[in-house]
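Accompanying notes for the structure given below.
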Amino acid sequence: MSAPVREPAVAGAFYEGSREGLLAQLREVYLSDLGPGHLPEANPQGPRRILGLVSPHAGYVYSGATAAHAFAALAEDGAPGTVLVIGPAHRMGGFGVGLQTQGAWRTPLGAALIDEATAQALAAALPEAVDDVRAFTGEHSQEVQVPFLQHLYGDALRIVPMIMVEQGLAVARRVGEALAQTLADRDAVIVASTDMTHYQSPGHARRQDLYLAGYIEKLDAEGLLRERAQQGISMCGYGPTAAMLLAARALGATRGEVLAYHHSGEVVPVGEVVGYLAARVLR
C-alpha cells in the first residue's frame, strides 16, 4: 500500500494555488509594511534556540505578514531536523487528537515529507491519537503553515502534522508530555497554529490578545487556558499553543517573545477584526 499523501484543501483560497503565484505571495507578505521587511534565508549556522513558534492561520492576505515574522525568526535560528505543526480542528470531530505518521503533504510548492520516525515515536507516546490522514480533511490550520516552511527549507523539510479537536488542559498536558518525551533527543520545532480574538473591535482585540500573549512570554500554559476561558477570549488554537508551551518548558525553554501582533482591520478597515500573533519560545 502506498503512503498517504494529503492533498491541499485551501490552495487557491487561503493562499495562491500555483507555484509561481504562491512564491510571489510569500515574497509580498515578507516585504509588506506589516511583515518583517526582508526575505528570509535559512542560516545553516543558526544557534537553534527556538523550541516553539506561534503563527496565525487565516488567509495570507490577512495574516500572512504576521506569520512571516515567525518564519523569518526561524530562518535566522537555523534548520531544525523536523517541524511539528499543531493546529485546532475547525471542521472535524469525533476524536480528541489526530496525526499522520507516513507519507507527505502536498502544496503548490511540492510534497513536504512526513518525518516518519518522529511521527511514529509520537504516536507510540500518545496511543489515544488517531493516525489517519483523513483527520485533516478540509482543515486549514496546519496547511497554511507548510508553504512557509517549504519556502525556507525546500526538499530538506520534514514535518509531523497534528490536529487537536479537544483543547482542554488535560488533553494539552497529554500532548505536551508526549511531545517532550518524543523530542527529548531530536532537533525539532513545534509550530502552534492559532488566530487570536475573533470579531471584536480593534482596540478590544488588541488589549485582550496582548494580555494572553503575556502568558506565552511567561511559558504559562495553565494561565493562558484559565484566562482565555474566564475572559471569554475567542482564541481558536489555545490547545495547540498550551501543548507547545508545556512541551517547550519540559525541553528547557526559558522564555517566550512576541514578534508581531496585527489584526485584519489593518488590511481591510472594518469595525470587527480577527487578531494575529507571531511569537517564539526560546531555550
Between Thr82, Leu224, His204, whose Cα lies farthest towards the positive end of the dipole of the chain when Lys and Arg beta carbons carry +1 and Asp and Glu beta carbons carry -1, centred on the Cα centre? Leu224
Extension gain Thr254-His38, at 0.36 nm per residue separation less the Cα-Cα distance, in nm? 75.0 nm
Under a point-charge model restricted to the Cβ atoms of Lys and Arg (+1) and Asp and Glu (-1), what is the dipole moment magnitude of the chain relative to its Cα centre, in debye to the nearest 20? 420 debye
For Leu31 and Glu76, compute 0.36 nm times the residue count separating them, minus their Cα-Cα distance, and round to one decimal in nm. 14.6 nm
Calculate for the chain the 222 nm mean residue ellipticity that helices alone would give, adding -39,500 (n - 2.57) per DSSP H run of length 4 or more and normalising by residue count, nearest 500 deg cm²/dmol. -11500 deg cm²/dmol
Taking a ≥ b ≥ c as the square roots of the eigenvalues of the Cα gyration tensor, with a/c under 1.5 meaning rounded and otherwise prolate when a/b exceeds b/c and oblate if not, the chain is rounded
Using the Karplus curve 6.51 cos²θ - 1.76 cosθ + 1.60 with θ = phi - 60°, work out ³J(HN,Hα) for each residue of region 235-240 in order, rounded to whole Hz, and write x for Gly and Pro. 4, 8, x, 5, x, x
Considering the dipole of the chain built from charges on the beta carbon (Lys and Arg +1, Asp and Glu -1) around the Cα centre, which of Ala24, Ala129, Ala156 is farthest to its positive end? Ala129
Magnitude of the Cβ-charge dipole (Lys and Arg +1, Asp and Glu -1) of region 1-71 about the Cα centre, nearest 20 debye, reported as 300 debye
Tally the DSSP beta bridges in region 13-282 and give the antiparallel ones as a percent, rounded to 5. 50 percent
Local charge sum around Glu166 (other residues, Cβ-Cβ under 13 Å, Lys/Arg +1, Asp/Glu -1)? +1
Shape category assigned to region 108-198 from the gyration tensor of Cα positions, a/c cut at 1.5: oblate
Taking amide hydrogens as modeled 1.01 Å from N in the peptide plane, which residues meet the under 5 Å criterion relative to Leu259, leaving out close sequence neighbours? Ala278, Ala279, Arg280
Between Val5 and Glu116, what is 0.36 nm times their sequence separation minus the Cα-Cα distance? Round to one decimal in nm. 38.7 nm
Taking the alpha-carbon centre of each part, the distance from region 29-81 to region 89-151 in Å is 20 Å
Residue by residue, what Karplus-based ³J(HN,Hα) values in Hz, rounded to whole numbers, does region 146-157 have, using 6.51, -1.76 and 1.60 with θ = phi - 60° and x for Gly and Pro? 5, x, 4, 5, 4, 4, 7, 10, x, 5, 6, 5
Positive end of the dipole of the chain, charges at C-beta (+1 Lys, Arg; -1 Asp, Glu), about the Cα centre: which of Phe95, Ala170, Gly64 has its Cα farthest in that direction? Ala170
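Quick note: the coordinates plus some simple rules give every number you see, no bench work behind them. Because the structure is a prediction, the values reported are computed rather than measured. So basically every Cβ, Gly included, is an ideal-geometry build from the backbone, and we count neighbours across all protein chains shown.
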